[in-house]
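Okay, so here's the structure we're looking at.
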Amino acid sequence: MINFKLRTTLLYLAVAILVIWILLPIVWMVSTAFKPPKEQFTAPPLLFPLNPTLSNFETIATPWFIRIFVNSLIVSTSTTAIVIGMSLLPSYSFARFRFRLRRHIFYTLIFSQMFPLAALIIPIYMIVFTFNLLDTYYALVIANLTFTVPTSVWLMRSFILGIPVELEEAALIDGCSKISAFARIVLPLLGPGIASTTTYIFILTWQEFLFALTFISLDEMKTLTVGILRFIGQYAYAIDWGAVMAASTVASVPVFVLFMLLQRQLIAGLLKGALKT
Amino acid sequence: MKEITEASYSVSRKKLDIDVIAAVLFLSPIIIFLLALFFYPLFQTLWLSFTSFSSFREPQAFVGFENYLNAFREPIFQTVVTNTAVLTFFVVFVDFVLGLGVALLLNQKFKGRSIVRALVILPWAMPGVVAGYLWRFIFNPELGLVNAFLMSVRAIDGYIAWLDHPSTALIVLIISYVWKGSPFFIIIYLAALQTVSEEQLDAALIDGAGFWQKLRYIILPHISPIINVTVLLATFWTFNYFELVWVITGGGPYDSTQIFPTYIYQSAFLWRTFGRASAYAVFDFIMLATFGLLFVWLRKVKL
């Protein structure tokens, strides 16, 4: 009995340490965002603001900040839509057709995801430069494809593998073409798979930083991740941490919400992907 | 059912042709993607690494292996290789141990388990830049939580400037990488643990197996395919992760925490030495590809 109690205590202690390790930085971010300037500089620092204020959010809520938030939304949404659209038929093809080179193409795709973006960024910059696409959404959407397409095909293929093939075979015997078998049978069953792949791709592109940093120099075309740099300013000692943390909070909220809504499906999907490679 | 499968997939010659055409058509987006955004950039980087390309207005002069030879002579090259390797090794190791440990913990029954499971992944969903600023703030000498805590328990007398010393800066980076990256592995391992058969575990319990024996003889063998894939992914992601170093240390102090991605970016887009940056990129690529292939071969990873 004592042993059991000890075990339970240790269990809850470990969980408490875990929660502190994960959450303390996030709580600190949100609480700093709500602190008035005076409370930013107290020693020791206050974990929670004594007089919560929205003043940091007022500081950052400029038309420009709204613009870069919208930019992020546009880039992430269009990347996600294009990637999903682009990877549906190839994923189906990888999952269902047997043809020579299938494995080779699939492996190349998976390995392409593992190659350093840093090794690809200079040529992609040259493409973007040549087509005069610097400082446009197109540049970011095209560049984002490099790391999202392989992941998307990988996940989607594993979802399709999870759909019993017999359903399509019955349709094929009834004279259905491959493409209509896909559209009428696979696509409706693929809903959860598409939802979790969408979430995953959106979270990835929302975080994207390197391409946005390289391809965008006009202030009004920046995305959130790069825009936050502005609050840091030029001098490290003059950082307005309240504003930085408010902007950080705003940048994190959409992905937190999206993730909370779809986490169950997303995790199931990721596991399928990892198992059925 | 087997006959039907064959009928619809391979027996009829005519059917087969249609299949091949459909397959090629269906795959065309991927083939275009691979050619334009993978093979082309790859060969272009390789070519650039043999040139002195530094401006779009001047022709690219072929310089042979000069960029590589210069790199081998520079002390910074060694720093970059060492940092990237050390950072990746420690982060992947801790990601794995912590990921599995926490997954085992969250697989126990306790109150509030589903909430904790959902919260655990938040750092992974948070943008890397944000995580970077957060950790930079936490390790800020005067305003940060870490120094405040250490002062309050009297572990230190004065503020430590964590990011001003190469070794402590590297530790801060490892901590931030693990915080950001491990949740993904926790969740994957947790999901994998749920596929371990209860009956087998019960049988082991009856046979008198303790926790470590169950872990070693039942759990680890069962989830080892997942471990292989995740360790491989973690290595690639950590090796190429740009934001955290860029935001937290900027590669400093005095370039002591530069890693491949940050140094390549700097050489290319701040100093405009594209040829030199490409040589570093090729080296980065070779290091990672060698590791990847060795790992897949030695651990017999099925991709």
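No value in this document is a laboratory result; all are computed from the given coordinates. Note that the structure is a prediction, hence the values are computed from the model and not measured. Quick reminder, even Gly has a Cβ in these numbers, built from the backbone with ideal geometry, and neighbours come from all protein chains shown.
Rg and Dmax over the alpha-carbon atoms of chain A stand at 23.5, 76 Å. Rounded to the nearest 20 debye, the dipole size of the range B:69-298 about its Cα centre is 220 debye, using +1 on the Cβ of Lys and Arg and -1 on the Cβ of Asp and Glu.
Along the positive direction of the dipole of the protein assembly as shown (beta-carbon charges: Lys, Arg +1; Asp, Glu -1; about the Cα centre), which of A:LEU189, A:LEU54, B:PHE184 reaches farthest? So the residue furthest toward the plus end is A:LEU189. Report the Stokes-Einstein translational diffusion coefficient (µm² s⁻¹, integer) for the range B:241-303, Rh taken as the Kirkwood radius over Cα pairs, at 10 °C with viscosity 1.306 mPa s. Using the Kirkwood radius from Cα pairs, D works out to 122 µm²/s.
Across chain B, the longest piece that holds none of the chymotrypsin sites (Phe, Trp or Tyr not before Pro) lying in DSSP loops with up to 12 other C-beta atoms within 10 Å covers B:66-253. Dipole of chain B computed with +1 at Lys/Arg Cβ and -1 at Asp/Glu Cβ about the Cα centre; of B:PRO123, B:LEU270, B:GLY208, farthest Cα towards the positive end is B:GLY208.
Counting only Cα atoms, the range A:16-75 measures 39, 30, 14 Å along its principal axes, largest extent leading.
For the range B:103-193, what is the Kirkwood estimate of the hydrodynamic radius, computed as the reciprocal of the mean inverse distance between distinct Cα atoms, to one decimal in Å?
Numbers: mean 1/r = 0.0667 Å⁻¹.
So the Kirkwood estimate lands at 15.0 Å.
Would you mind computing, in nm to one decimal, how far apart the modelled labels at A:THR108 and B:LEU201 are, each placed 7 Å from Cα along Cα→Cβ? Using points 7 Å along Cα→Cβ, the separation is 4.4 nm.
Rounded to two decimals, what is Rg over Rh for the range B:25-101 when you use alpha-carbon atoms and the Kirkwood radius? Walk me through the intermediate numbers first.
Numbers: Rg = 19.2 Å, Rh = 16.3 Å.
Rounded to two decimals, Rg/Rh equals 1.17.
Dividing the Cα radius of gyration of the range B:201-261 by 2.2 N^0.38 Å, with N the residue count, gives 1.91. The alpha-carbon atoms of the range B:69-298 define a convex hull whose volume equals 160 cubic angstrom per residue. Largest GNM mean-square fluctuation across B:SER28, B:SER197, B:SER256, computed for chain B with C-alpha springs under 10 Å, falls on B:SER28.
Coordinate range of the alpha-carbon atoms in the range A:1-50 per principal axis, descending: 52, 17, 13 Å. A:LYS35: which aspartates and glutamates have alpha carbons under 15 Å from its alpha carbon, excluding same-chain residues fewer than 8 sequence positions away? Hits, sequence-local ones excluded: A:GLU58, A:ASP240. Projected over all directions and averaged, the alpha-carbon convex hull of the protein assembly as shown occupies 31.2 nm².
Filter the trypsin sites (Lys or Arg not before Pro) in the range A:9-117 down to the DSSP loop ones having no more than 15 other Cβ atoms within 10 Å, then list what survives.
Working: sites: A:LYS38, A:ARG67, A:ARG96, A:ARG98, A:ARG100, A:ARG102, A:ARG103; in loops: A:ARG98, A:ARG100.
Within the range A:9-117, the qualifying trypsin sites (Lys or Arg not before Pro) (loop, at most 15 other Cβ atoms within 10 Å) are A:ARG98, A:ARG100.
Largest mean-square fluctuation among A:ILE232, A:ILE121, A:ILE22, in a Gaussian network model of chain A whose springs join Cα atoms under 10 Å apart, belongs to A:ILE22. For the pair the range B:37-92 and the range B:197-262, the centres of their Cα atoms are 29 angstrom apart. Between the beta carbons of B:ALA85 and B:TRP271, assuming R0 = 25 Å, the FRET efficiency works out to 0.55 to the nearest 0.05.
Basic side chains Lys and Arg get +1 at the Cβ, acidic Asp and Glu get -1 at the Cβ, and with that the dipole of chain A about its Cα centre reaches some 900 debye. The residue list A:PHE4, B:PHE149, B:LEU25 was ranked by how far each Cα lies along the charge dipole of the protein assembly as shown toward its positive end, using unit charges on Cβ atoms, and A:PHE4 comes out on top. Overall size of the range A:57-177 from C-alpha positions, given as principal axis extents largest first: 63, 33, 24 Å.
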